[in-house]
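Each remark here refers to the structure printed beneath this line.
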Amino acid sequence: MTGYRTLKLGLLPDRETLNPRLDARCAWMFEHGLVEEVRRVLGLGFSPGCKPFESHGYKQAMQLIQGELSLRDAVFYAQRNTRHYAKRQITWFRRERELEWLKGFGDAPHIREAALASAANFLLPSV
C-alpha cells in the first residue's frame, strides 16, 4: 500500500520468563471461573462443537466438563498448548519484515520506554 508508513514492534521475552507466566495465566483462568463460564455458555444453548470451544483453555475446560480430563490434566494441557502456540506465534512474526523486536514484556518500564522512543523516532525522524 502506498502513502502509508507502519511501525512494527514485537515483544520478545525470553522463554525462561515467558513460559512460567503463560502457565500461571492458564492456572489462574481455571481457578477464577473458566469452567463455570463454559458451563454458563453451554446453559445458554450453545453447542459443545462451537468454534470458540476449540481455543486454548476452553477446549480443556470442555473436556473437563465432559469427563474426559481431570482438573489437573485440563490445566496441564491448557498450559502446554498455550506454550506451543506462543512459540508458533514468535516463529510466525520473525518472518515479518521490518519488525523491531523489544526483548521483554510490555509491562517492563525499559520496554515501554524503548517502544515510546521507537514511536518518537518513527514519527519525528532526525533530520
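Every read-out reported here was derived from the displayed coordinates using simple, explicitly stated rules and does not represent laboratory data. Not measured: the values here are computed from a predicted model. Cβ atoms come from the backbone with ideal geometry, glycine included; neighbour counts cover every protein chain shown.
Cα axis of helix 34-43 to longest principal axis of the chain: angle in degrees, 0 to 90, nearest 10?
60
Taking the 0 to 90 degree range and rounding to the nearest ten, how far is the long axis of helix 71-94 tilted relative to the main principal axis of the chain, both from C-alpha atoms?
Value to nearest ten degrees: 20.
In degrees, nearest 10, range 0 to 90: what is the angle between the Cα axis of helix 15-31 and the longest Cα principal axis of the chain?
Between helix and principal axis, roughly 40 degrees.
Where in the stretch 63-84 is the amide nitrogen less than 19 Å from a point lying 7 Å along the Cα-to-Cβ axis of Arg25?
Label zone hits: 74-84.
When the chain is modelled as a GNM with alpha-carbon springs shorter than 10 Å, which of Trp92, Trp101, Trp28 fluctuates the most?
Trp92
Between Glu16, Glu36, Glu68, where does the largest GNM mean-square fluctuation fall for the chain, given springs only between Cα atoms within less than 10 Å?
Glu16
Quick one: check the C-alpha center-to-center distance for the stretch 5-77 versus the stretch 109-123, whole angstrom.
With the stretch 5-77 and the stretch 109-123 each reduced to a Cα centre, they are spaced 32 Å.
Excluding residues fewer than 8 places away in the same chain, name every one of the lysines whose C-alpha is closer than 23 Å to that of Lys103.
Once the sequence-local lysines are set aside, what remains near Lys103 is Lys8, Lys87.
Can you show me the helix-derived [θ] at 222 nm for the chain, built from DSSP H runs with n ≥ 4 at -39,500 (n - 2.57) apiece and divided by the number of residues, rounded to the nearest 500. Write down the numbers at each step before the final one.
Values: 5 runs with 74 residues, N = 127.
That calculation yields -19000 deg cm²/dmol at 222 nm.
Of the candidates Leu44, Leu18, Leu69, which one comes out as most mobile in a Gaussian network treatment of the chain with C-alpha springs shorter than 10 Å?
Leu44
Express in % the proportion of alpha carbon pairs of the stretch 15-96 at distances exceeding 21 Å. Walk me through the intermediate numbers first.
Details: 1078 of 3321 pairs.
So the pairs more than 21 Å apart make up 32 percent of the total in the stretch 15-96.
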